[in-house]
Amino acid sequence: MSATILVVEDEPAIQELIAYNLRQAGHQPLCADSAEQALRLVSNALPDLVLLDWMLPGASGIEVARRLRGDKRTRAIPIIMLTARSEEQDKLLGLDTGADDYITKPFSPRELNARIKAVLRRRAPQMTDDVVEISGLRLDPVGHRVTGNGENINLGPTEFRLLHFLLTHPQRVHSRAQLLDNVWGDHVFVEERTVDVHIRRLRKALEPERMDRLIQTVRGTGYRLSAS
Ligand code: CA
């Protein structure tokens, strides 16, 4: 699992330590030492997750969390709040910040990684390394391998990401815009019909194993992966 993680922490030593641990775990950290800088970074590109210190100079971490939750573009970014003491955490739990989880400092790299993994698994399952399988169609993110009833299926990188997203979010209809956001990434200016092109390629690759029937077109709305 490799995620882009925004670390919002004003204490340089802690920021550095967290960034080091994230890199060790295979993530790409982005660092900010204030709310303003954090919001600026988020406006450039959406991170996969935000580690947010509560006590920041100027606007607090709570303020940042509220801003992110209040904006349609950033609403779905998973947030883990960092607090200095457990009393702070108790107070935080009583506040409606919209955070997905809370960690009390000091924390071990192992705890941090476990929390990150749990939040991503819940909020962004396509970010994790878990093997996913539906109706005989199996995708292994670590081995970068797709099989249909045990037979190898070769996919291009975009089709692989597209299938990974669909397999981790089955039974739901995704609009072309949602697929662009989740598979191609935020701020990528690609026309919506590009999605149709890659869906067509994906279906073609799945056809020999008759797995293409799992991907359904929902007229006027988008696409859905459904168990057969
Ligand atoms: Ca702080």
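Throughout, read-outs are computed from the coordinates displayed, never taken from laboratory work. Quantities reported herein were computed from a predicted structural model and do not represent experimental measurements. As a convention, Cβ positions derive from the backbone with ideal geometry for all residues, glycine included, and neighbour counts pool all protein chains shown.
Values for this structure:
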| item | result |
| --- | --- |
| Phe107, Phe189, Phe160 arranged by Cβ crowding within 10 Å, fewest neighbours leading | Phe189, Phe107, Phe160 |
| Sequence-distant residues sharing a close amide H with Gln28 (under 5 Å, placed H) | Ala3, Thr4, Ile5 |
| Net charge of Cβ neighbours under 11 Å - reference Thr147; Lys, Arg +1; Asp, Glu -1 | -2 |
| Debye, to nearest 20: dipole size of the chain, +1 on Lys, Arg Cβ, -1 on Asp, Glu Cβ | 1000 debye |
| Whole-Hz ³J(HN,Hα) from phi, Karplus 6.51 cos²θ - 1.76 cosθ + 1.60, for region 105-112, glycine and proline x | 7, x, 10, 7, x, 5, 5, 4 |
| The chain, relative contact order [Cα under 8 Å, separation at least 6], % | 13 percent |
| Using θ = phi - 60° and Karplus 6.51 cos²θ - 1.76 cosθ + 1.60, couplings along region 193-203 (whole Hz; Gly, Pro as x) | 5, 4, 4, 4, 4, 6, 5, 4, 4, 4, 4 |
| Residues Glu11, Glu111 arranged by fewest to most Cβ contacts within 10 Å | Glu111, Glu11 |
| The chain: projected area of the alpha-carbon convex hull, averaged over directions, in nm² | 13.1 nm² |
| Overall dimensions of region 132-225 as given by Cα atoms, namely Rg and Dmax in Å | 12.5, 37 |
| Point-to-point label distance, Thr194-Asp90, nm (Cα→Cβ direction, 7 Å offset) | 5.1 nm |
| Efficiency of FRET between Lys72 and Ala227 - r from beta-carbon atoms, R0 25 angstrom, step 0.05 | 0.25 |
| Two-site label geometry, Ile14 and Glu151: point separation in nm, points 7 Å out along Cα→Cβ | 5.6 nm |
| Debye log10 I(q)/I(0) at q = 0.11, 0.12, 0.15, 0.16 Å⁻¹ for region 4-127, Cα point scatterers | -0.31, -0.37, -0.60, -0.69 |
